[in-house]
């Protein structure tokens with residue numbers, strides 16, 4: 001409760017100049033995401049060993065997934081799409097956003113998890129840096145070579161405990177590097193009730209640092225993360241090209257259920273400021289099937305022109321009355337998890353009875369109940 005009161009107090013203060021986190025973010029990009037040579041203060045041998053292992057995981061992702069999915073999706077979306085991308089329940093999965101919509105200019109992921117504080121990594125001693133990078137590598141390899149991650153694990157990886165290396169931020173920065181981008185600006189922000197960004201100032205960060213922090217690990221894995229370093233804005237461009245156009249990625253920690261948005265409507269107000277959207281979701285626990293996510297679903301149906309998803313996208317019962325057509329790919333005989341069985345699942349099974357293509361060369365999100373890949377395009 002104390003943390004929530006402190007953050008709310010910070011938000012009410014007069015806005016000051018934004019605190020820039022570009023240097024700290026570039027350090028995470030270099031040391032943890034291996035996007036460039038590490039700063040002199042970091043042990044080069046430790047970082048080099050980590051980066052050699054990470055490079056193998058990225059190369060495997062490029063060979064096994066990206067080389068198959070990118071041309072296939074490019075052909076599917078060759079007629080174009082809005083330049084603003086929204087990924088609900090995304091957990092910082094920038095690597096997929098950039099793969100699906102490479103020509104967009106603004107990308108936003110939203111999930112319960114915060115992005116994490118980039119500063120503590122600089123204070124790690126050699127042994128702790130080595131151990132932290134080893135733990136991080138396992139998470140990064142799993143994220144690259146598995147089609148989805150769990151809220152439980154992402155909650156651990158995005159902990160505000162100050163243990164060292166921010167996992168969710170590193171996932172995003174590895175994605176930028178894998179796609180040939182580099183971060184050139186980084187700021188953290190809070191969302192106002194009107195959806196406006198309120199950038200963190202030096203005063204807000206200093207006050208936050210003086211607050212007592214919880215000493216136990218986060219247990220409420222299905223509640224929005226509390227803390228100051230939840231929402232980030234990263235401006236990025238093609239690596240090494242000062243003339244390349246700038247793009248923007250934002251991650252927002254938010255409870256996207258109707259109850260969550262009623263309590264804190266900043267996220268839905270932020271999305272409402274966008275005119276047209278390209279959307280995507282995958283492995284989203286079938287949340288968009290549920291009545292209690294009506295506010296988000298209604299906004300997507302009002303704003304989006306196209307959505308790429310697995311079966312956890314918007315079901316036909318909602319999409320068709322809103323004027324959307326849906327095209328299915330791969331095969332689908334039921335939900336991957338037994339607890340998702342029911343009327344919506346039956347509706348999905350019927351929708352996949354005549355797919356445009358029965359063969360899908362890559363996995364996108366969950367398998368179906370027979371462990372076969374599937375994909376759905378919802379388009380207006």
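Just checking, which of 92, 131 is crowded, with 22+ Cβ neighbours inside 10 Å and modelled with pLDDT under 95? First the steps, then the outcome.
Working: 131 fails: crowded, with 22+ Cβ neighbours inside 10 Å.
Going through 92, 131 in turn, just one is crowded, with 22+ Cβ neighbours inside 10 Å and modelled with pLDDT under 95: 92.
Residue count for the stretch 20-37, restricted to those that are under 27 Å from residue 198 (Cβ atoms) and outside any loop (DSSP other than H, G, I, E, B): 8. Scanning the stretch 66-95 for residues that are in a helix (DSSP H, G or I) and touching a helix residue (DSSP H, G or I) at 6+ places or on another chain (Cβ under 8 Å) gives 66, 69, 70, 73, 94, 95.
Assess whether residue 342 counts as being over 19 Å from residue 307 (Cβ atoms) and modelled with pLDDT of 95 or more. Give the derivation first.
Details: over 19 Å from residue 307 (Cβ atoms): yes; modelled with pLDDT of 95 or more: no.
For residue 342, the condition - over 19 Å from residue 307 (Cβ atoms) and modelled with pLDDT of 95 or more - is not met.
Residue by residue, here is whether (1) surrounded by 19 or more Cβ atoms within 10 Å (Cβ to Cβ); (2) part of a helix (DSSP H, G or I); (3) modelled with pLDDT under 95 holds:
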site	(1), (2), (3)
203	no, yes, no
209	no, yes, yes
222	no, no, yes
234	yes, no, no
244	no, no, no
248	no, no, no
251	yes, no, no
261	yes, yes, no
267	yes, yes, no
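Just one of the numbered conditions (1) over 19 Å from residue 100 (Cα atoms); (2) buried (at least 17 other Cβ atoms within 10 Å of the Cβ) is not true of residue 337: (2). Among residues of the stretch 70-83 that are touching a residue at least 12 places away in the same chain (Cβ under 8 Å), those with a Cβ under 6 angstrom from a residue that is in a helix (DSSP H, G or I) and buried (at least 16 other Cβ atoms within 10 Å of the Cβ), sequence gap 6+ or separate chain, pair up as 70/99; 73/100.
Looking only at the stretch 97-106, decide whether some residue is surrounded by 15 or more Cβ atoms within 10 Å (Cβ to Cβ) and assigned to a strand (DSSP E or B). Can you show your working first?
Of the stretch 97-106, the ones surrounded by 15 or more Cβ atoms within 10 Å (Cβ to Cβ) are 97-101, 104, 106.
Next cut, assigned to a strand (DSSP E or B) only: 106.
Checked the stretch 97-106: at least one residue is surrounded by 15 or more Cβ atoms within 10 Å (Cβ to Cβ) and assigned to a strand (DSSP E or B).
When the strands (runs of 3 or more DSSP E) confined to the stretch 289-380 are screened for residues that are under 20 Å from residue 257 (Cα atoms), those reaching at least 3 such residues are found at 304-309.
The values are calculated or read from the model by the stated rules, or taken from the named source; none is laboratory data. This is a predicted model, so every value here is computed, not measured. Neighbour counts run over all protein chains shown; Cβ positions are idealised from the backbone, glycine included.
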